[in-house]
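The values are calculated or read from the model by the stated rules, or taken from the named source; none is laboratory data. Just so it is clear, the model here is predicted, and its values are computed rather than measured. Heads up, the Cβs are rebuilt from the backbone with ideal geometry, glycines too, and the neighbour counts pull from every protein chain shown. Accessible surface areas use protein heavy atoms only, side chains included; no ligands, DNA or RNA. Shrake-Rupley method; radii C 1.70, N 1.55, O 1.52, S 1.80 Å.
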Amino acid sequence: MAVHLHPDDTIAALASAPGPGMRGIIRISGSATNEVLEGFFTPAAAADTSFPQSSPWCNAGTLRISGINQPVPVDLYLWPNRRSYTGQPLAELHTIGSPPILEAALAELFSRGVRPSQPGEFTLRAFLAGRIDLTQAEAVLGVIDAQSDGELRTALDQLAGGLSSQIVRLRGDLLDLLADLEAGLDFADEPIEFVSHVSLIGRLGLARDAVVELLERATQRTRSSARPRVVLAGPPNAGKSTLFNLLAGAGTALVSETAGTTRDYLAVEATLEGLSVELIDTAGEQPAGDGIEHEAQLRRGEQIERADLVVWCQAADQSAASFSNEPGFAGQERLLAIRTKCDLAARTDIQPAVLAVSAHSGAGLPELISAIVARLSSSAGDERQLLGTTAARSHDALQKARLALDRALDIARNESDQELLAIEVRDTLDELGAIAGEVYTDDILDRIFSRFCIGK
């Protein structure tokens, strides 16, 4: 898609899903929208002969389409001015979801000077008109492409301005600080202090903390896969592979009474209570030897590091003293400790706070699945507040903003040249502006909006 397409062209596209249906929607946007509709749409009520010029309007009527003898019934939704999604006159035609009728209606519009829209062009116009920022534009695509409830919640939160509001507040605070700094530079020869040394360091520190928090979220999101990663880990012969096969619903992993059967990790997509996850079985924890044993432990460690949740398995027939809920990785919020093979031990031998599971009898399996889903759902709001596309695009800008604020703090603490300090604050503002789209290039817009489907 070329982002240099003239934004005043009147464009149209099918906005509903392709194929037959009860309802089909055609979207039109551009300065000539009202004029095109006046020769194309006939209101059902004889008195409604002209379109409103100031307020949204909905009316039933018919379409006059060349090649179709009968008038086509339609509901017209019209936003006649710039208070629309695209920031320009916009209309939606809701009519019969018959592909031949929809194609004929589009052909009629194109014959009247309307141009077919490019992928994402409606949302691009919304961005260029200032109706949404770049993170919200990415959220539109996130809503469309969401494959789980968690992904949908993340996209809707970002679309509602969850990230945008944080960027706006942060940039506002830095703009106020820059104004104080530049006022001090303008009156450098006067005994006037626009911002004290203590206040300056404090305000820069708060801005840096906010940028670091956003950077950590972006880093976490870029490390995470589209599906949450659930890793089964624990000592050898703890029943991890049997449990893996049961959760995955297939005999994927080799199972044996011999400890250490799993030498590599296995991964499979599984659905747990409607949540799609990547389920991973790892080698048992043991001292790393040479050759294949060493490689197995390295790969096991890599999978634990990348996990959204680690299910730490310890067999119930092992002594309670050997059980550990600290398997050597950081992040207890990512750990779910369970006792496997609970059919081999008396219930009194298992700690009440620990979930007991038997892959043989199925005991505790529904509770385990519910616990996994609950853990992943509760952590989604903290670790996945950024869409993957936004996190990948903004990571570099946030890293540069953090470095600029680090330099600004050094300058402030050393009470060095205030002009250099103002330059670092401006650089931070530019990087934050790039995230929201206040600073952008055609290449960035093309990369984002070319992933959209036509009609969005």
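Screening region 21-41 for residues that are assigned to a loop (DSSP other than H, G, I, E, B) and modelled with pLDDT under 90 and picking the one that is nearest to Val72 (Cα to Cα) gives Phe40.
Within region 409-456, the residues that satisfy the criterion of being under 20 Å from Ser199 (Cα atoms) and among the small types (Gly, Ala, Ser) are Ala412, Ser416, Ala422. Checking the stated criteria, Ser54 turns out to be small (Gly, Ala, Ser), surrounded by fewer than 21 Cβ atoms within 10 Å (Cβ to Cβ) and farther than 30 Å from Val277 by Cβ. When the test is whether a residue is open to solvent by 10 Å² or more (accessible area, probe 1.4 Å), without any contact (Cβ under 8 Å) to a residue 60 or more places away in the chain and part of a helix (DSSP H, G or I), Ala126 does not pass it. Beta carbons closer than 6 Å, at least 6 apart along the sequence or on distinct chains, pair a first residue in region 22-36 that is more than 15 Å from Ala104 (Cα to Cα) with a second that is open to solvent by 40 Å² or more (accessible area, probe 1.4 Å) for Gly30/Asp9; Ser31/Asp8; Val36/Arg112. Residue pairs whose Cβ atoms lie under 7 Å apart, separated by 6 or more positions or on different chains, with the first residue in region 382-395 and open to solvent by less than 50 Å² (accessible area, probe 1.4 Å) and the second part of a helix (DSSP H, G or I) and at pLDDT below 80, are Glu383/Gln220; Arg384/Gly150; Arg384/Arg221; Leu386/Arg221; Gly388/Arg221; Ala391/Arg221; Ala391/Thr222. Going by what's in this entry, would Asp410 be described as open to solvent by 30 Å² or more (accessible area, probe 1.4 Å), modelled with pLDDT of 80 or more and over 27 Å from the mean Cα position of the chain (by Cα)? Yes. Of all residues in region 435-445, those being out of contact with any Lys or Arg (no Cβ under 9 Å at 6 or more places or on another chain) and open to solvent by less than 50 Å² (accessible area, probe 1.4 Å) number 2. Kindly evaluate Asn59 against the criterion of being over 33 Å from the mean Cα position of the chain (by Cα), polar (S, T, N, Q) and assigned to a strand (DSSP E or B). Against the criterion (over 33 Å from the mean Cα position of the chain (by Cα), polar (S, T, N, Q) and assigned to a strand (DSSP E or B)), Asn59 qualifies. Each residue in region 135-158 was checked for being open to solvent by 60 Å² or more (accessible area, probe 1.4 Å) and not polar (S, T, N, Q), and 7 of them qualify.
If you go through region 81-98 and pick out every residue that is over 32 Å from the mean Cα position of the chain (by Cα) and open to solvent by less than 20 Å² (accessible area, probe 1.4 Å), you end up with 1. Among the residues of region 129-166, write down those that are assigned to a helix (DSSP H, G or I), of a type in the set (Gly, Ala, Ser), in contact (Cβ under 8 Å) with a residue 12 or more places away in the chain and under 18 Å from Leu432 (Cα atoms). Ala137, Ala139, Gly162, Ser164 - these are the residues of region 129-166 that are assigned to a helix (DSSP H, G or I), of a type in the set (Gly, Ala, Ser), in contact (Cβ under 8 Å) with a residue 12 or more places away in the chain and under 18 Å from Leu432 (Cα atoms).
Residue-wise test of (1) modelled with pLDDT of 90 or more; (2) not polar (S, T, N, Q).
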{"residue": "Thr49", "(1), (2)": "no, no"}
{"residue": "Pro52", "(1), (2)": "no, yes"}
{"residue": "Ser55", "(1), (2)": "no, no"}
{"residue": "Arg64", "(1), (2)": "no, yes"}
{"residue": "Tyr77", "(1), (2)": "yes, yes"}
{"residue": "Ser84", "(1), (2)": "yes, no"}
{"residue": "Leu102", "(1), (2)": "yes, yes"}
{"residue": "Phe110", "(1), (2)": "yes, yes"}
{"residue": "Ala126", "(1), (2)": "yes, yes"}
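Just so you know, in region 260-291 the residues that are open to solvent by 60 Å² or more (accessible area, probe 1.4 Å) and in contact with a Gly (Cβ under 8 Å, 6 or more places away or on another chain) include one that is modelled with the highest pLDDT, and it is Glu285. Being assigned to a loop (DSSP other than H, G, I, E, B), at pLDDT below 90 and within 29 Å of Thr154 (Cα to Cα) is the requirement here; does Ser225 meet it? Considered against the rule, which asks whether it is assigned to a loop (DSSP other than H, G, I, E, B), at pLDDT below 90 and within 29 Å of Thr154 (Cα to Cα), Ser225 comes out as yes. Out of all the residues in region 413-426, which are open to solvent by less than 60 Å² (accessible area, probe 1.4 Å) and either free of Cβ contacts under 8 Å to residues at least 12 places away in the same chain or of a type in the set (D, E, K, R) (or both)? Residues satisfying the conditions are Ser416, Glu424. Only residues that are open to solvent by 30 Å² or more (accessible area, probe 1.4 Å), more than 20 Å from Ala137 (Cα to Cα) and outside any helix (DSSP H, G or I) were counted across region 99-123, and they come to 4.
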